[in-house]
Amino acid sequence: MEQVLRILQRNPEIEPFENILFITSTPISPRFREMFEKRMLDQNIHFKVVLWGSEEINKIVSKNKKEANDIANNLFSLRIESAVVQVSKDWEKERTEKIEILKLLYKKGQFSFFLGAGVSSSAGMPDWNTLLNSLFVTYLTNEFDNETKILDTDINQIVERLNEMDEPSALMAARYLRKGLDNSVSESEIFNKTITENLYKLRDVSKKIDSDLILSITEMCMPLRTGAKIKSVITYNFDDLIERQLEKQSIRHHSIYTDNEFIDPDELLIYHVHGFLPEDVKAYESLDKSTLVFSEEGYHLMYSDSYHWSNLVQLSNLRDNNCLMVGLSMTDPNLRRLLDISSRNSDKTRHFAFMKRLTIDSFTSKEGKKVIDNIDGAKKFLDRHHNLNEEIMRELGVSIIWYTGYDEIPKLLTEIIK
């Protein structure tokens, strides 16, 4: 109110106008309108001043949907254009500022983790393609079990050649494998068992199972004297590496991988929204009821069912908490859809995501050989590329925290709890 009155008082040239319109994105209460009109009379301002809050704006938008969409699209285009042409920023300084913001949010306690494959790979777990290739080998070994002429080397060559020539999408390949491995007998049990065996068999034992990244995440989950600061952990990984470390640290937790689970408010909730395949299956109950989002049909089921428990859990955390995303590429369509839904009617970036920043050396060289000659041009392109990615993620309510090396993430997480 005071700001509006100051504008009116300091700009006498406004006087010839009969009406002045002030627009704000926040709601305007009847009490505020009454106080404002009284102050207008006290200040001897005689022309009409109209206040539009979010309620008035929404009414106009609902009556003029096409025009509102056109305006929104134009605004987005302008923001993208601005992001592309803006000068290079000191991203490391901005990262420090964002870590300070995360410190404050963490202390408030309304905080959730969203964890992706990068967390598991830090402890040597296989990436998606390695796991799929191993499953292909298992499938072919089963198929040619009685064929004495088919050797392991032959099977590996067949798998490698199939990937070169066919190049199916990961989800399609997984569906293909599920059909081949199911054999129409106890299909989900056989398929899940096969994935579990390959998942842990392929772990790179040269890497610590309690990696620095997993340790730093677990440390943030440790309850402080003032209470627990992490409300929940949403993980897209099948493995139980986080649970193992929480157990070591004696942190009370509960793994959730099905609907209608009993929730203890004193336990840290670990939601396996894409399914759960622990190495020790005897330590958990009802694993067969977990929806494994591994192959194409599993993904379609989750994507199409808006009320699937995993979608509701993700959306609830995105709406209620400040979320930090670690080890995620941020390309998953379902996650982006949920982010889009949760960020509607809000101009704030409430969530943060660690993302790898391309360096000029890695971009202009490959295997020690220069592949781009114009280094200055490449630098300008990378600046604009990173700015554009920041703007796109901002539209989803996410602020990017850049890093150039994976070993930086545990250090940055440690900074948050200092």
Inset, instruction - Would you kindly state how much longer the chain becomes between V61 and E367 on full extension, computed as 0.36 nm times their sequence separation minus their alpha carbon distance, in nm to one decimal? - result: 104.8 nm
Inset, instruction - For the stretch 188-287, just say rounded, prolate or oblate: build the C-alpha gyration tensor, square-root its eigenvalues into a ≥ b ≥ c, call rounded for a/c under 1.5, and beyond that prolate if a/b exceeds b/c, oblate if not. - result: oblate
Inset, instruction - Express in Å², to the nearest 10, the accessible area of L315 obtained by rolling a 1.4 Å probe over the protein heavy atoms while all chains stay in place. - result: 30
Legend entry - Additional length obtainable on full extension of the chain from N129 to I28, 0.36 nm per residue less Cα span: 31.0 nm
Legend entry - Projected label distance in nm at D320 and K38, using a 7 Å step from Cα toward the beta-carbon: 3.9
Legend entry - Value in Å of the Kirkwood radius, where the stretch 322-365 supplies the Cα pairs that are averaged: 12.5
Inset, instruction - Sequence neighbours fewer than 8 away in the same chain don't count; with that in mind, list the lysines whose C-alpha is under 27 Å from K93. - result: K103, K107, K108, K229, K348, K356, K379, K380, K411, K418
Inset, instruction - Over the stretch 278-418, give the accessible area per residue in Å² for a 1.4 Å probe, as an integer. - result: 54
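For E219 and T359, compute 0.36 nm times the residue count separating them, minus their Cα-Cα distance, and round to one decimal in nm.
47.4 nm
If the viscosity is 1.002 mPa s and the temperature 20 °C, what Stokes-Einstein diffusion coefficient in µm²/s follows for the stretch 247-354 when Rh is the Kirkwood radius over Cα pairs?
The estimated diffusion coefficient comes to 138 µm²/s.
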Inset, instruction - Collect residues whose amide H, placed 1.01 Å from N in the peptide plane, falls under 5 Å from the amide H of S255; neighbours closer than 5 in sequence don't count. - result: I270
Inset, instruction - Might you work out the accessible area of T138 for me, using a 1.4 Å probe with all protein chains in place, and round it to the nearest 10 Å²? - result: 30
Inset, instruction - Using amide H atoms built 1.01 Å from N in the peptide plane, name the residues 5+ places from M325, or on other chains, whose amide H lies under 5 Å from its own. - result: F114, F352, A353, F354
Inset, instruction - For the stretch 324-418, restrict the atom set to alpha-carbon positions and state the Rg and Dmax in Å. - result: 15.7, 48
Inset, instruction - Before anything else, pin down the relative contact order of the stretch 217-289: Cα pairs under 8 Å, at least 6 apart, normalised by residue count, whole percent. - result: 35
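The values are calculated or read from the model by the stated rules, or taken from the named source; none is laboratory data. Given the structure is predicted, the values throughout are model-derived calculations rather than measurements. Cβ sites come from the backbone with ideal geometry, for glycine too, and all protein chains shown count toward neighbours. Areas reflect the complete protein model, heavy atoms only, side chains present, ligands, DNA and RNA absent. Shrake-Rupley method; radii C 1.70, N 1.55, O 1.52, S 1.80 Å.
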